[in-house]
1. Taking segment B:239-254 as the search range and keeping residues that are open to solvent by 30 Å² or more (accessible area, probe 1.4 Å) and more than 8 Å from chain A (Cβ to nearest Cβ), which one is farthest from residue A:213 (Cα to Cα)?
2. Looking at segment A:272-292 only, could you name the residues that are of a type outside the set (S, T, N, Q) and at the interface with chain B (Cβ under 10 Å from one of its Cβ atoms)?
3. For residues that are open to solvent by 10 Å² or more (accessible area, probe 1.4 Å), closer than 20 Å to residue A:270 by Cα and either at the interface with another protein chain (Cβ under 7 Å from one of its Cβ atoms) or at pLDDT below 95 (or both), tally how many sit in segment B:179-198.
4. Give me the pairs: first residue in segment A:90-108 and hydrophobic (A, V, I, L, M, F, W, C) and modelled with pLDDT of 95 or more, second residue in a loop (DSSP other than H, G, I, E, B) and surrounded by fewer than 23 Cβ atoms within 10 Å (Cβ to Cβ), beta-carbon distance under 6 Å, and six or more apart or on different chains, which are they?
5. Looking at B:274, B:292, B:264, can you tell me which residue is open to solvent by less than 20 Å² (accessible area, probe 1.4 Å) and closer than 30 Å to residue B:181 by Cα?
6. When the residues of segment B:70-107 are narrowed to those that are more than 18 Å from residue B:531 (Cβ to Cβ) and small (Gly, Ala, Ser), which ends up surrounded by the fewest Cβ atoms within 10 Å (Cβ to Cβ)?
7. Do the conditions hold for residue B:413, that is, is it outside any loop (DSSP other than H, G, I, E, B), in the same structural domain as residue B:108 (by TED's automatic domain parsing), farther than 12 Å from residue B:399 by Cβ and of a type in the set (Ser, Thr, Tyr)?
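The values are calculated or read from the model by the stated rules, or taken from the named source; none is laboratory data. Bear in mind that the values here come from a model prediction, so they are computed numbers and not experimental data. Here the Cβ is made from the backbone with ideal geometry for all residues, glycine too, and neighbour counts use every protein chain on show. Accessible surface is based on the protein model in full, side chains and every heavy atom, while ligands, DNA and RNA are left aside. Shrake-Rupley method; radii C 1.70, N 1.55, O 1.52, S 1.80 Å.
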Number of protein chains: 2
Amino acid sequence: MSVIADDATQSMSRRELMTLVGKVAGTAAMYQMMSSLALAANSTFDKRFSLSGAPKGASVLILGAGLAGMVAAYELQKAGYKVQILEYNNRTGGRNWSLYGGDTYTELGGITQHVQFDKGLYLNPGPWRLPYNHQGILHYCQMLGVKLESFNQANYAAYIHSQNAFGGKPQRYRTVKADFEGAVAELLSKSLQQSQLDQAVTKEDREILLQALRNWGALDQNYRYVKGRASSSRRGFDHWPGGGLDGEPTYSEPVALSDILKSGLWGEIAANDGIPEQPTLFQPVGGMGVIGRKFGELLKNVIRLNSKVVEIKQDETGVTATYVDTVKGGPPQTARGDWCVCTIPASILSQIPMNVSPAMQQAIYAIPYGASCKVGLQMKRRFWEEDEDIYGGITYTDQMNAIIAYPNTDYFSKGKGVLLGAYTFGPNASIFTSMTPQERINAAVQMGANIHPQYRTEFETGVAVAWHRVPWTLGCQGTWSEDARATHYKNICQIDGRIVLAGEHVSMIPAWQEGAVTSSIDAITRLHQRITKG
Amino acid sequence: MSVIADDATQSMSRRELMTLVGKVAGTAAMYQMMSSLALAANSTFDKRFSLSGAPKGASVLILGAGLAGMVAAYELQKAGYKVQILEYNNRTGGRNWSLYGGDTYTELGGITQHVQFDKGLYLNPGPWRLPYNHQGILHYCQMLGVKLESFNQANYAAYIHSQNAFGGKPQRYRTVKADFEGAVAELLSKSLQQSQLDQAVTKEDREILLQALRNWGALDQNYRYVKGRASSSRRGFDHWPGGGLDGEPTYSEPVALSDILKSGLWGEIAANDGIPEQPTLFQPVGGMGVIGRKFGELLKNVIRLNSKVVEIKQDETGVTATYVDTVKGGPPQTARGDWCVCTIPASILSQIPMNVSPAMQQAIYAIPYGASCKVGLQMKRRFWEEDEDIYGGITYTDQMNAIIAYPNTDYFSKGKGVLLGAYTFGPNASIFTSMTPQERINAAVQMGANIHPQYRTEFETGVAVAWHRVPWTLGCQGTWSEDARATHYKNICQIDGRIVLAGEHVSMIPAWQEGAVTSSIDAITRLHQRITKG
């Protein structure tokens, strides 16, 4: 990614740069450079990103004080531009948002929820995780002094649950994983030993592969996945190893592969293996919304809240946005900049008159926004920890609520806790959206109680956000189809006259904050080049 | 495990108890009970553990203020016993120990290390992790108010490294895992599709298994593990998905199975799948030694430090320990109790005259103590985070240092950090033990630099603890052979007259603090039964 437009090193290839560094600074420095350039390639974001050299007096109008808008404002201001942001909500952050006790939220349809959570507890209705390779958003967390703590996506003690398998009894993640992988290792070993794969695997490799399968799949000396120390050390014991005379373990019986297959629970074994779900992940201490709040504090002099944009019009010298004050009302007002970075979600932007090219307009129309619903449930005590040794992480279920996620903070505290009691996508999210907030909460409680019977006595209060009813996004994220992307993606990225769009919908990482951040950086980098180099 | 000797519920089976609860309190309560009894079976430790009803005036002498000794003292005192502890060191905790800047440590052979770490940084020479199912030690952490934070054992961005594979270049854990499992899934799919496993897998199961393998192994539509979105979403991209026009990803090429097999790196793929390594794990904020320190503060009135036990003698009415004050010197002194819980490691105890049965004495002689060495290295900056996006977790190498572990705290902080630069077992630990501390540190730095070249410029100061040279244990942990365990384990657990032993060496969880805790609980439970019921 081209990041430093006026930096002489830009025209060098990485190899040239490294050779140069090697000549000048010796081998140790080159190794260091190699490491920071090559090994660190976990993201398109470059930590050295910086713009500079704005033309004197040049101004940029930014629409939306979500992450994309605030990144644009911060970086453009640093480069010397005059910036201002119009924001619809009475707070900054956009979908970067946490709901705390005392907050109110009114959804489309008019129902207002008064959040009753105890102090310190929260629901993140939108993003809730920061993967290690989302270096853009992690960079701004550091810049803002947002303290991060581990988000434990993977928890082998949490459950996978199907209503129709194992009598509806949830199974520990570790048992499903161990039993599936053990059976896979045993089957492949069998095939190898019977010389069935001699075409595909050399004799030499076969012997190593058998060793590897035994090690990886917890097989016994005869390449069988059976009840014994190896399998129980992964899936758990009937009586656990312990101290003294009570310490002798008894092994547990693996579940037959056929039962795992029919249960459908295998669908979640790889749930932690996709890059954004791999450890290490993070979350801001105190709620995801801390990022948007702190960013807003930093930029408070250039942000106008409660400003609903109703028209965007560009001409030969600039861009004018017409907006109404959603609190004070009054006649429409205008804001103007030489250029405009528009981060309004396409779902909303498609309803705002804006004079851009037909290609960009069609692109804006081409992005449907996904349904999603999250339900937060406050429980009187942290029974998942106290009764079931589940500390953070996620339980998966084939019920409509889809998951139960346990708080990744304040482990072992004696107080209350807020569970993410439902996180739905797709058709189930539409069903949840059609319910009232109270019905969504009731449904999440009922479904959760099939996994944790303690819900019946411990549930206190909840809040439910269905994104299709969020007035300022009308959906959770841009859900590009492959066809739409092929036709429209490049068009929505282009600078159209004096307007450039940014946000997760203008990225290849939809629904993630990193998409908003990197989209913003890509947009302002190109805009700055256009402005400074014509 | 029998925990509440005089509790009426003890004589009930769990089924009986649940039926009773069901009758009395209704279904919801029964579900709750089921949950807390059945689902929570992740440990032999019972959170309800409590002893009571000590005979008036009965006393117990405890030898060693490590975890086993302090658990015994705490619980026996609560039950009404008079307790006292003799401890060799000038601090409590034993192998529960953290080394901070300003500490000094003198090993066998006389070399003293003056730890130079910056404030807040530490090495845990002994235990460093608390698995979720080690409910005993976790319970005492809560009891003592020890704050716990996540220990991220699993880190997909950390490396697996072999000097002889991939030109010595470390490989990200995620790529080795994805490529091995992808190849395994593809091979087994091939075998299934060629009907080679029709004896082992029914036709119905076969179709589901193929789906499951595709999902789990990131295969394409034709059941092949190839360069593409699915594989790159696990192993990483050449150019990562991002925002705007820069956002189009390019996929990375998987490593061929044959190369993974020959590299030997497959040996670490399952490194997070054993129960004590599975997420969620914890560590005390501020160092493992916080547990031993706080436990010692709680029991300070009954602990005598600097007391080297030189003889243990029981008679018909009690047990007398003779000890010398290691600081003040002077003539040997004695301490006496009606009963004795001895937690002195067998490696030391084997050298102390003690009148127990030949069976117990032989058991004490039968436990060799393992060699292990840990080296802590302070670096000027957290380059593993800044340059390589590695936040916590472990890198594995086939060099003698075995692992590099990254701090699981203060992520993203700009300050210095202490790496665990070596953690050796077995023959390599013996080689490290034979070196001077400075030589161990040098070796760890040299080996680490093959993985992180930044070592060459960032290393500042280190400390090295080789457990065979630790004067008060002469080894890391009791390494029972299977034969020795079969012959001696029950004998070492027995109450011998008025003496009972406890510690990790008297457990089926050797080398873990949970072994010490559960061994202590097992020992004092039986001792209390013996005392109260004869």
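1. B:250
2. Answer for segment A:272-292, where residues must be of a type outside the set (S, T, N, Q) and at the interface with chain B (Cβ under 10 Å from one of its Cβ atoms): A:273, A:274, A:275, A:276, A:277, A:279, A:281, A:282.
3. 1
4. What qualifies is A:99/A:115; A:108/A:471.
5. B:274
6. Filtering segment B:70-107 for residues that are more than 18 Å from residue B:531 (Cβ to Cβ) and small (Gly, Ala, Ser), the one surrounded by the fewest Cβ atoms within 10 Å (Cβ to Cβ) comes out as B:102.
7. So residue B:413 does not fit the description; no.
To keep it simple, each residue is scored yes or no on (1) outside any strand (DSSP E or B); (2) closer than 30 Å to residue A:141 by Cβ; (3) among the hydrophobic types (A, V, I, L, M, F, W, C); (4) at pLDDT below 95.
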| position | (1), (2), (3), (4) |
| --- | --- |
| B:312 | no, no, yes, no |
| B:316 | yes, no, no, no |
| B:321 | no, no, yes, no |
| B:331 | no, no, no, no |
| B:334 | no, no, no, no |
| B:362 | yes, no, no, no |
| B:373 | no, no, yes, no |
| B:378 | no, yes, no, no |
| B:400 | yes, no, yes, no |
